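Some notes on the structure that comes next.
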Amino acid sequence: MIYSDKTFVGIDPTSGNNSFTYAALDHDLNLIALADGELDDLTVFISAQKSVVAAVNAPAGISRGFVREALKKKAVKPHQLRSVEMRVAEYELRERGINIAGTPANEGLCFEWVKAGFEVYRKLGKMGFKKYPRSDLVPQILETNSHACFSVLAGQIPLAKPSLEGRLQRQLILYERGLGIKDPMDFFEEITRYKLSKGIWPMELLYFPGQLDALAAAYTAWLAVNKPEHISMIGDAKEGMIVLPEKELKEKY
């Protein structure tokens with residue numbers, strides 16, 4: 001079923017068990033899909049859309065050693081270089097206080113979720129997807145990092161992702177950006193003294209961490225196409241550029 005002329009899909013492979021969480025938004029930021037599935041399920045969904053811009057919450061490629069070479073020129077001590085396994089984009093985010101995982105130079109040494117992300121890029125590449133930004137007439141794919149997205153949207157490092165308060169914070173950030181998702185403030189309206197005493201929490205009103213990451217990626221894809229002046233891109237094109245949903249980045253988060 002084709003949902004709209006253009007669909008913005010966020011893909012989160014971080015479960016690391018060959019399962020993906022994906023979210024899809026239409027041009028008006030309405031939520032049209034939020035599901036889990038294997039790669040085949042994801043590609044079937046994407047194939048059913050007329051035009052897709054996809055954002056993946058995973059690295060688009062391995063490290064090319066640019067960070068290590070740059071640090072060598074700064075006379076960094078050899079024992080410090082041994083721990084430098086990351087791409088330029090990841091180094092730049094860490095320098096801003098956004099601590100994300102580094103990507104090794106060898107795919108075999110990558111985390112399973114990173115390898116799963118590579119499979120998404122390869123699969124969509126075979127389906128005709130081009131790296132953002134390209135012509136509006138072709139399907140596009142871009143790399144993002146959901147933790148960094150929430151950090152720049154909040155203007156600070158968000159609360160722990162698995163925690164109740166962290167999920168509430170992330171959902172509120174997205175809701176206030178206009179996404180057609182559940183209002184997290186309804187969570188508090190459902191809490192009563194009786195429910196608290198019985199340990200009954202309205203958790204059905206909140207999204208899971210992987211779903212929130214996929215939604216953040218989908219929103220970044222939407223912003224990259226509809227309001228490109230409100231995004232930033234960091235990194236080196238030879239390794240992969242990370243797209244973030246804010247134009248101006250702070251020096252420290």
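Derivation of every value follows stated rules applied to the coordinates shown; laboratory data play no part. The model shown is predicted, which means the values in this text are computed figures rather than measured ones. Ideal geometry is used to build each Cβ from the backbone, glycine not excepted, and the neighbour counts take in all protein chains shown.
Structure summary
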| quantity | calculated |
| --- | --- |
| Spin-label model distance (nm) - Phe111 vs Asp183, 7 Å beyond Cα toward Cβ | 3.5 nm |
| Length added when fully stretched, Ala70-Asp40, from 0.36 nm per residue minus Cα-Cα | 6.8 nm |
| Virtual spin-label span in nm between Lys227 and Glu190, 7 Å along Cα→Cβ | 2.9 nm |
| Placed amide H near Ile141: partners under 5 Å, 5+ positions off or other chain | Ala54, Lys130, Lys131, Tyr132 |
| Placed amide H near Arg87: partners under 5 Å, 5+ positions off or other chain | Thr103 |
| Note, ³J(HN,Hα) from phi for region 146-159, Karplus 6.51, -1.76, 1.60, rounded to Hz, x at Gly and Pro | 5, 4, 5, 4, 5, 5, 6, 5, 7, x, 6, 5, x, 5 |
| Note, ³J(HN,Hα) from phi for region 108-113, Karplus 6.51, -1.76, 1.60, rounded to Hz, x at Gly and Pro | x, 8, 6, 4, 4, 5 |
| R0 of 35 Å, Cβ-Cβ distance Asp28-Phe208: FRET efficiency to nearest 0.05 | 0.90 |
| For the chain, built as a Gaussian network whose Cα springs stay under 10 Å, the top-fluctuating residue of Asp183, Asp40, Asp213 | Asp40 |
| Vicinal HN-Hα couplings computed from phi for region 236-242 (Karplus, 6.51 cos²θ - 1.76 cosθ + 1.60; Hz; Gly/Pro x) | 10, 4, 6, 9, x, 9, 8 |
| Surrounding net charge for Pro158, when Lys and Arg each add one and Asp and Glu each subtract one, Cβ distance under 13 Å | +1 |
| Stretchable slack from Glu165 to Lys123, in nm (0.36 nm times residue separation minus alpha-carbon distance) | 11.6 nm |
| Dipole in debye (nearest 20) - the chain, about Cα centre, beta carbon charges: Lys, Arg +1; Asp, Glu -1 | 980 debye |
